[in-house]
Ligand SMILES: [Mg+2]
């Protein structure tokens, strides 16, 4: 029985192209599942502030998740007053490990900066003095940048990166949507058999391999790599776009409509 939902946000719960951006049935499903005791976590590459902004103002969700997993790393629990508290010392450990990574990866990141000068309109993203990622103008440029990042990774196995369309963020290899989800599952004392995960893009791959969550799905708009992994993991590839695909997947796994016992 599914007890925890781990859903990506952009492209999975919300569509930036469709109208409506979210099908009303998704809100009904999430509300009923939560009333039945199912825990809902949004697992996103967005920052905490940006995720809150997306839920409350950008897409006006009438309900909020129990947990926010942000930047493919940090875990926050919603408080009674609507704030967000870190869960255990995971975020602190992640921050420490990430700081160490940026120190050790400094020479490699200098190479990345030089490499990406070939791309027209590329932008380096900085946070707290670190070069933490990039955004390119085209997917083709990001394909090439990620091939380069894959090569330099071999020289520092601790170095990894999370891609989402034309964005890439550098990270410590121990932290991803998958490991954050497993940490949340450990905190909630849930096995992978009790977990549903859905996502649409590269940065969702680590939580869709069938290891962290046994019930994996992707909406019809997902990239081919995601569809392939979900297929390999015995999951469900929905036809519906974004939220319509998530609702379709919840039906597929028999999680919703909730069967009253
Ligand atoms: Mg997405």
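Note on region 1-57: percent of Cα-Cα distances in each 10 Å bin, starting at 0 and stopping at the bin with the largest distance, equals 21, 51, 26, 1.
Across the chain, counting alpha-carbon atoms alone, Rg and Dmax equal 18.1, 61 Å. If you average the alpha carbon positions of region 50-71 and of region 20-47, how far apart do those two centres end up, in angstrom? Here the two parts' Cα centres lie 10 Å apart. Antiparallel beta bridges, as assigned by DSSP with both residues in the chain, represent about 55 percent of the total such bridges. Put the Cα centre of region 240-259 next to the Cα centre of region 209-239 and the gap is 14 Å. The C-alpha atoms of region 196-248 occupy a region whose extents along the principal axes are 25, 18, 16 Å, arranged from largest to smallest. With semi-axes defined as the square roots of five times the eigenvalues of the C-alpha gyration tensor, the equivalent ellipsoid of region 91-172 measures 21, 13, 12 Å, largest first. P(r) for region 124-181, from all Cα pairs and a bin width of 5 Å, is 4, 18, 26, 26, 19, 6, 0 %, short bins first.
Each reported figure results from applying straightforward, stated rules to the coordinates on display, with no laboratory input. Here the structure is a predicted model, which is why all the values come from computation and not from measurement.
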